[in-house]
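A.B. asks: Below: one structure in structure tokens.
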Amino acid sequence: MIAPFKEIYRYLDLPIRSFRRLGNILLIACHDMGNALIMLASATLYIRTIWKPRARRETAQQLYVTGIKSLGVITVVAFFTGMILALQTGLELRRFGQEVNIGTAVTIVMIREMGPFMTALIIAASVGSAIAAQLGTMAVSEEISALEVMSINPNRFLVMPRLVALAVMMPILTVYTNILGILGGGIVGSTQLGVAFQAYLDNATRYAENKDLYVGLFKAFVFGIIIATVSCYQGLNTTEGAVGVGRATRQTVIISFLMILIVGYMITRLFYI
Amino acid sequence: MITFDKVTKQLGGKTVLNGISFEVPKGETFVIVGLSGAGKSVTLKHMVQLMRPDSGMIRIGDDIINEARGAELERVRRRFGVLFQSAALLKWLTVFENVALPLRELTKMGEEEIEKTVREKLRLLNMEESMDVFPSDLSGGMQKRVGLARAIVMNPEIILYDEPTSGLDPVTSRLIDKLIEDLRRELGITSVVVTHDLHSALAIGTRIMMIDGGEIVENASPEDFIKSNNETVKRFLESQYITRRGAWEKGMEKHV
């Protein structure tokens with residue numbers, strides 16, 4: 001190669017390689033997203049088989065794992081989220097003599113954003129990662145291949161019950177988070193900010209609208225579908241043994257967190273602007 | 001009959017199967033041997049479309065499995081039973097539930113009939129006593145026997161065995177060999193066995209094919225296989241202490 005061109009090529013080499021790598025990442029992301037959506041559509045179509053005895057048992061088991069087993073951590077997180085919210089907003093409002101309004105602030109923030117958001121993060125980190133690890137282990141030990149060879153569709157057998165469990169339990173857990181968060185705020189209000197509990201509750205219910213609750217629950221429902229889709233897809237596509245299972249688990253948590261944030265913003269924008 | 005016609009497969013830029021062609025006649029125990037990474041398991045996975053070839057054709061009787069999709073693929077796959085290397089039992093189901101799984105998911109059988117069928121298959125493999133045990137409480141050999149019971153529960157025409165004796169002690173390995181041989185003799189099932197255990201291959205095979213570097217280097221009866229003049233086959237035989245003379249001395253009487 002002629003010397004000046006060689007020099008130019010040397011300078012352009014790094015940006016070209018970076019651009020190529022970025023292109024590859026985008027292509028893989030598009031491919032994965034397409035396949036994950038196909039898996040979601042297929043599992044959704046199989047919901048019609050949920051009344052079969054085995055599917056019913058498996059779905060009940062997943063509802064139990066998602067709902068009951070997550071209650072402990074959700075209780076602590078929800079309570080403290082409400083308490084922190086009340087304390088932070090209450091201290092600011094006190095400067096203007098408006099601390100009585102912490103009820104409204106805590107309630108609206110909890111049911112619109114923090115309830116679904118905190119619940120989704122906890123479920124993604126606990127249930128989502130567990131699903132990815134379980135399905136990932138099944139994939140690397142050929143159990144998924146065994147199901148396929150037996151003509152048992154993994155989307156029906158494994159994905160559908162988890163999808164239903166997360167889509168159903170997320171709104172229920174969000175209501176639970178909202179109630180505990182609001183209660184936590186009330187306790188901080190009455191013990192540390194001098195706002196009577198009854199006054200806090202009256203204020204809490206005065207300005208919150210039904211729409212806030214519905215949008216929050218809709219968000220929770222969508223977050224449930226996101227967590228189920230990401231965790232099942234990552235799990236079912238695990239390769240490379242134990243290292244792969246670890247990678248699938250980590251990817252599930254990261255992708256779920258990012259999707260929850262992005263989709264959460266989009267839903268808020270859709271309903272409130 | 002299973003027919004591979006000029007099947008090619010590349011994985012990660014490496015040619016794993018290089019235009020291989022062979023036939024597995026009905027009712028035979030066809031053994032595929034070779035070193036690790038030779039392409040044995042990949043060949044087996046193509047038979048049930050767990051992998052698709054880059055080119056070539058795979059026929060199962062009149063069905064072209066590499067082109068089958070959806071319900072058609074499910075129908076062709078139901079002609080097979082597969083024993084995976086790790087047995088691939090579902091860990092949260094008991095032995096009974098594992099074997100009953102295809103019957104519950106794919107047939108309209110009542111529970112009574114399912115129980116009768118599962119008991120019968122488990123009895124055949126001497127595993128009836130462990131019906132209520134979870135796979136994690138079983139030894140490797142027992143797990144393989146349960147895997148085999150699940151593979152035959154739908155009465156398949158063809159059974160694929162992926163390294164059925166790997167990780168097992170010699171006594172259990174011979175027991176698995178005997179089970180494979182019994183199934184062929186008693187049920188007339190066509191078997192395809194992938195293994196690197198040549199003792200096992202010579203004991204159960206009616207035909208042995210060796211793959212090396214994605215190509216077939218030998219495809220012969222066991223008697224002819226151990227007499228092969230192919231250098232790769234000779235090295236492979238020697239690596240397992242089998243010589244033309246030694247094979248006869250090591251109890252391969254069935255080929256005398």
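The values are calculated or read from the model by the stated rules, or taken from the named source; none is laboratory data. All of these numbers come straight from a predicted model, not from anything done at the bench. Note: ideal-geometry Cβ built from the backbone for every residue, glycine included; neighbour counts use all protein chains shown. For the accessible areas, the whole protein counts, side chains as well, though only heavy atoms, and no ligand, DNA or RNA atoms are used. Shrake-Rupley method; radii C 1.70, N 1.55, O 1.52, S 1.80 Å.
A.B. asks: Debye calculation, C-alpha points only, no solvent: report log10 I(q)/I(0) for chain A at q = 0.07, 0.16 Å⁻¹, in the same order as the q values.
C.D. replies: Each listed q maps to, in turn, -0.35, -1.13.
A.B. asks: Can you tell me the 0 to 90 degree angle between the C-alpha axis of helix B:170-187 and the longest principal axis of chain B, rounded to 10?
C.D. replies: Rounded to the nearest ten degrees, it is 80.
A.B. asks: How many Cβ atoms of partner chains, on average, are near each residue of B:96-105 if near means within 10 Å of its Cβ?
C.D. replies: Across the residues of B:96-105, the mean count of other-chain Cβ atoms within 10 Å is 3.
A.B. asks: If packing is taken as the average count of other Cβ atoms within 10 Å, what order do B:183-194, B:165-176, A:221-232 fall into, highest mean first?
C.D. replies: Final packing ranking: A:221-232, B:183-194, B:165-176.
A.B. asks: Continuing with the same structure: Given H placed on each backbone N at 1.01 Å, which residues far from residue B:159 in sequence or on other chains put an amide H within less than 5 Å of it?
C.D. replies: Result for residue B:159 returns B:81, B:190, B:191, B:192.
A.B. asks: Loop only per DSSP, at most 11 neighbouring Cβ atoms within 10 Å: give me the chymotrypsin sites (Phe, Trp or Tyr not before Pro) in the range A:1-95, ordered by residue number.
C.D. replies: Hits after loop and neighbour filter: A:51.
A.B. asks: A follow-up question, please. In whole percent, what relative contact order does chain A give with Cα contacts below 8 Å and a gap of six or more residues?
C.D. replies: Relative contact order for chain A comes out at 30 percent.
A.B. asks: Test of understanding: what is the full-extension gain from residue A:88 to residue A:273, defined as 0.36 nm times their sequence separation minus their Cα-Cα distance?
C.D. replies: So the chain would gain 64.0 nm between residue A:88 and residue A:273.
A.B. asks: How long is the gain from residue B:107 to residue B:14 if the chain were fully straight, where each residue apart is worth 0.36 nm and the alpha carbon distance is subtracted?
C.D. replies: 29.4 nm
A.B. asks: Ok, one more. Quick one: Cα centre-to-centre distance for the range B:128-145 and the range B:66-95, in angstrom?
C.D. replies: Value for the Cα centre distance between the two parts: 19 Å.
A.B. asks: Say we join alpha carbon atoms closer than 10 Å with springs in a Gaussian network model of chain B; which of B:143, B:240, B:85 then has the biggest fluctuation?
C.D. replies: B:240
A.B. asks: Same structure again: Place a +1 charge on the Cβ of each Lys and Arg in the range B:61-194 and a -1 charge on the Cβ of each Asp and Glu, then give the dipole magnitude about the Cα centre in debye, rounded to the nearest 20.
C.D. replies: 100
A.B. asks: Which shape class, rounded, prolate or oblate, goes with the range B:91-155 when its Cα gyration tensor gives a ≥ b ≥ c as root eigenvalues, a/c under 1.5 marks rounded, and past that a/b bigger than b/c marks prolate?
C.D. replies: Prolate.
A.B. asks: Which entries in B:40/B:91; B:121/B:178; A:52/B:144; B:144/B:178; B:26/B:234; A:52/B:45 show an alpha-carbon gap greater than 20 Å?
C.D. replies: Violating the 20 Å limit, Cα to Cα: B:40/B:91; A:52/B:144; B:26/B:234; A:52/B:45.
A.B. asks: Sticking with this one: For chain B, just say rounded, prolate or oblate: build the C-alpha gyration tensor, square-root its eigenvalues into a ≥ b ≥ c, call rounded for a/c under 1.5, and beyond that prolate if a/b exceeds b/c, oblate if not.
C.D. replies: Here chain B falls in the oblate category.
A.B. asks: Could you give the distance between the Cα centres of the range A:176-246 and the range B:179-203, to the whole Å?
C.D. replies: Comparing the Cα centres of the range A:176-246 and the range B:179-203, I get a distance of 57 Å.
A.B. asks: Also, quick follow-up: Whole-Hz Karplus ³J(HN,Hα) for the range B:144-158, in order, using 6.51 cos²θ - 1.76 cosθ + 1.60 and θ = phi - 60°, x for Gly and Pro?
C.D. replies: 5, 5, 5, x, 5, 4, 5, 5, 9, 5, 8, 6, x, 7, 10
A.B. asks: Based on the inverse mean of 1/r over its pairs of different Cα atoms, what is the Kirkwood hydrodynamic radius of the protein assembly as shown, in Å?
C.D. replies: Kirkwood hydrodynamic radius for the protein assembly as shown: 26.9 Å.
A.B. asks: Now, a different point. How large is ³J(HN,Hα), in whole Hz, for each residue of the range A:263-273 in order, when computed from phi with the Karplus curve 6.51 cos²θ - 1.76 cosθ + 1.60 and θ = phi - 60°, using x for Gly and Pro?
C.D. replies: 5, x, 5, 5, 5, 4, 5, 4, 9, 10, 10
A.B. asks: Compute for chains A and B the buried accessible surface, both sides summed, probe 1.4 Å, and express it in Å² to the nearest 100.
C.D. replies: 1700
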